[in-house]
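For reference, the structure is listed below as structure tokens.
The values are calculated or read from the model by the stated rules, or taken from the named source; none is laboratory data. From a predicted model like this one, the values you see are computed outputs, not experimental measurements. A quick note on method: Cβ atoms are made from the backbone with ideal geometry, for glycine too, and the neighbour counts reach across all protein chains shown. Accessible surface is based on the protein model in full, side chains and every heavy atom, while ligands, DNA and RNA are left aside. Shrake-Rupley method; radii C 1.70, N 1.55, O 1.52, S 1.80 Å.
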Amino acid sequence: MKEAVVVGSGISGLTVAYWLKKRGVEVTVFEKDDTPGGTVKTEREGDFLLEIGPQTVLTNEALEELLRELNLKPIEATPHAKERFIYKKGKLIPLPKGPFSFITSPLLSLKGKLKVLKEPWVPPSEREEESVAQFVRRRLGEEFLRYVVGPFISGVYAGDPEELSVKYATPKIYQLEKEYGSLIKGAIKKRSLGPKGKIISFEGGLKDLIDRLTREVEVSLENVVLRIRKKDEKFILDTRRGKVESRVVVVASPAYTSSYLLKDLSWSASLEFDKIDYVPVAVVHLSVKKGSIPKGFGFLVPRGEGKRILGALFSSVIFPHVAPQDKDLITVYMGGATDRGIVEEDQETLGQIAKKEVEEILKTEAQILRVTLWKKAIPQYKVGHGKFLDLAREMEDIHKGLFLTGNYLHGVSLADCVKSSKEVAERVESFLKG
């Protein structure tokens with residue numbers, strides 16, 4: 001009988017397995033596909049280095065510790081990555097970097113700026129839970145929602161601010177109101193509204209992190225787990241290659257897969273986890289002539305500006321090594337919660353839409369390199385998301401030795417997954433010792 005098994009070799013599963021092995025726990029990762037990494041995929045297209053899934057990582061302490069342990073040296077983004085743009089009425093407008101720089105920015109009208117200035121005196125809501133849109137309208141106004149927060153939500157979640165929970169989707173903003181009574185007061189105290197950490201990648205792209213973790217742990221590829229049951233103090237897994245028994249099972253797969261795997265343990269919990277919404281996202285990589293794009297991280301497109309794309313990253317401005325010297329690489333995003341119809345389009349159509357709109361916005365010619373469609377890309381932390389966190393804890397309490405992790409629980413970013421999965425590894429170690 002094994003001490004521990006992990007189902008899923010995305011960043012969450014590999015991180016749990018790595019830290020367990022470091023603590024002396026015998027652990028095997030089961031993966032249904034022929035390659036590890038989940039949505040983290042980096043591929044070559046000629047002299048271009050393309051990120052097919054997540055594009056960059058914003059570090060936190062847990063990720064920095066993991067990189068030190070792995071002796072994996074990251075590449076930091078260029079200083080240009082601090083500059084971001086919003087597309088408004090045919091122009092790219094720099095996104096203000098602080099609460100007071102919005103006052104001089106052309107992004108908001110005079111009426112919109114006055115609403116922002118009144119924010120410190122806005123009382124807290126009496127609602128039990130607000131959507132991001134409700135929260136922002138109340139505190140900062142409709143314009144701020146449309147031209148700042150809405151595009152930000154598109155960039156992180158490909159989500160709809162009318163549906164997402166401010167408490168769970170943007171917890172740092174939610175906490176500013178709780179702690180300081182005002183976002184502006186809180187931003188002044190903390191000296192920033194933006195995220196902390198460094199934007200990084202690696203010489204061979206984000207796949208370097210997956211490859212390095214995979215070398216450190218045992219991964220059983222093309223070995224799908226079909227069923228998980230519990231008998232006495234052990235779990236029995238039916239896999240493609242036979243039965244496996246283990247004291248601990250860490251389910252680190254997406255919610256829609258986890259729900260299937262949990263059905264023998266709890267049919268009702270399985271049905272609930274299957275309700276977590278994942279939105280589709282198309283990723284289109286474009287090549288343009290060197291120097292024909294602004295020096296910045298990229299741009300976001302508010303809904304209502306007459307464009308179908310959500311935004312674009314200036315990938316080779318952020319990390320110059322991803323493109324040849326005479327070209328720039330642009331990564332375009334489409335779809336999300338406000339445009340689920342992209343799943344009905346073929347790749348050629350998606351590529352042409354992205355090409356046409358980027359050429360219109362940047363006034364330059366572009367060539368399509370690659371089009372990728374993720375039909376279930378990013379989990380949505382909608383109003384009421386807390387019930388899924390409660391359910392995960394309840395499942396772990398009832399079925400001792402079962403642990404759940406993944407980007408549908410405690411943050412969608414790669415760094416969030418590393419942080420929460422390290423905490424899971426610590427809890428697994430405590431359970432095995434107890």
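Could you provide, to the nearest whole Å², the per residue accessible area of the chain with probe 1.4 Å?
Each residue of the chain exposes 46 Å² on average to a 1.4 Å probe.
If R0 is 35 Å, what FRET efficiency do you get for Ser101 and Glu65 from their C-beta distance, rounded to 0.05?
With R0 = 35 Å, the Cβ-Cβ based efficiency is 0.55.
Hey, for a label at Lys375 modelled as a point 7 Å past Cα toward Cβ, could you say which residues of segment 322-343 have their backbone N under 20 Å away?
Of the residues in segment 322-343, 334-343 have backbone N under 20 Å from the label point off Lys375.
If R₀ is 22 angstrom, what is the calculated FRET efficiency for the pair Arg427 and Met1, using the beta carbon separation as r and rounding to 0.05?
0.65
Using only helices, what value at 222 nm comes out for the chain when you add -39,500 (n - 2.57) per DSSP H run of length 4 or more and divide by the total residues, to the nearest 500 deg cm²/dmol?
Theoretical 222 nm ellipticity from helices: -10000 deg cm²/dmol.
Could you check how many percent of all C-alpha pairs in segment 97-181 are farther apart than 20 Å?
Details: 1106 of 3570 pairs.
Of all Cα-Cα distances in segment 97-181, 31 percent exceed 20 Å.
So what does the Cα-only Debye profile of segment 206-260 read at q = 0.19, 0.26 Å⁻¹, as log10 I(q)/I(0), no solvent term?
Listed by q, the Debye log ratios stand at -0.83, -1.15.
Work through the residues other than Val224 whose Cβ is under 13 Å from its Cβ and net out their charges, Lys, Arg +1 and Asp, Glu -1. Can you show the working numbers first?
Working: positive: Lys32, Arg227, Arg240, Arg241; negative: Glu31, Asp33, Asp34, Glu222, Asp238.
Net local charge, Val224 excluded: -1.
On the accessible surface of the chain, probed at 1.4 Å, how many percent belong to carbon and sulfur atoms? Display every interim value, and only then the final one.
Values: 10190 of 19910 Å².
Solvent-exposed carbon and sulfur of the chain make up 51 percent of the total.
How do the peptides 67-78, 327-338, 2-13 rank, highest first, by the average count of neighbouring beta carbon atoms within 10 Å per residue?
Packing order, densest peptide first, comes out as 2-13, 327-338, 67-78.
Please provide three numbers in whole Å: the alpha-carbon extents of segment 229-308 along the principal axes, with the largest listed first.
Extents along the principal axes, in whole Å: 64, 29, 20.
Given 0.36 nm per residue, what is the gain on full extension from Arg44 to Ser268 after removing their alpha carbon distance, in nm?
Result for the pair: 76.3 nm of gain on full extension.
Please express the Cα-Cα pair-distance distribution P(r) of segment 170-255 as a list of whole percents, one per 10 Å bin, running from 0 to the bin with the greatest distance.
13, 23, 18, 22, 19, 5
Convex hull over the alpha-carbon atoms of segment 1-78: what's its volume per residue in Å³?
In segment 1-78, the Cα convex hull volume per residue is 119 Å³.
Please list the non-local residues whose amide H lies under 5 Å from the amide H of Thr42, H modeled 1.01 Å from N, same-chain partners needing a gap of 5 or more.
Under 5 Å from the amide H of Thr42 lie the amide H atoms of Ile52, Lys207, each far enough along the sequence or on another chain.
Holding the Cα-Cα limit at 20 Å, pick out from Lys231/Lys400; Lys91/Lys363; Lys275/Lys376; Lys263/Lys375; Lys82/Lys111; Lys172/Lys419 the pairs that are longer than that.
Table pairs above 20 Å Cα-Cα are Lys263/Lys375; Lys82/Lys111.
Just grab the label-to-label distance for Trp121 and Lys21, each label 7 Å out from Cα along the Cβ direction, in nm (one decimal).
6.0
With a Förster radius of 22 Å, plug the Cβ-Cβ distance of Lys275 and Arg227 into 1/(1 + (r/R0)^6) and report the FRET value to the nearest 0.05.
Approximately 0.55, to the nearest 0.05.
Pairs Lys190/Lys382; Lys97/Lys196; Lys2/Lys234: which exceed 19 Å Cα-Cα?
Violating the 19 Å limit, Cα to Cα: Lys190/Lys382.
Sort 304-311, 161-168 by the packing proxy (mean of other Cβ within 10 Å over each peptide's residues), most packed first.
On the way: 304-311: 18.2, 161-168: 22.0.
Per-residue mean Cβ counts within 10 Å order the peptides as 161-168, 304-311.
Residue separation times 0.36 nm, minus the C-alpha to C-alpha distance between Lys400 and Glu162: what's the value?
Details: separation 238, 0.36 × 238 = 85.68 nm, distance 3.73 nm.
Full-extension gain reported as 81.9 nm.
Where the centroid of each part is defined by its Cα atoms, how far is segment 343-404 from segment 106-135 in Å?
Value for the Cα centre distance between the two parts: 28 Å.
Residues of segment 281-309 with the amide nitrogen closer than 11 Å to a label point 7 Å from the Cα of Glu365, along Cα-to-Cβ, please.
Answer for this model: 289.
Each label point is 7 Å from the Cα along the Cα-to-Cβ direction; what then is the distance between the points at Thr35 and Glu218, in nm?
The answer from the label model is 2.5 nm.
Report the full-extension gain for the segment Arg241 to Lys111: residue separation times 0.36 nm, less the Cα-Cα distance, to one decimal in nm.
Answer, rounded to one decimal: 40.3 nm.
Taking the Cα-to-Cβ direction at Ser292 and at Glu344 and moving 7 Å from each Cα, how far apart do the two end points lie in nm?
3.2
What area, in nm² and to one decimal, does the C-alpha convex hull of the chain cast on average over all directions?
If you wrap the Cα atoms of the chain in a convex hull and average its projections, you get 21.1 nm².
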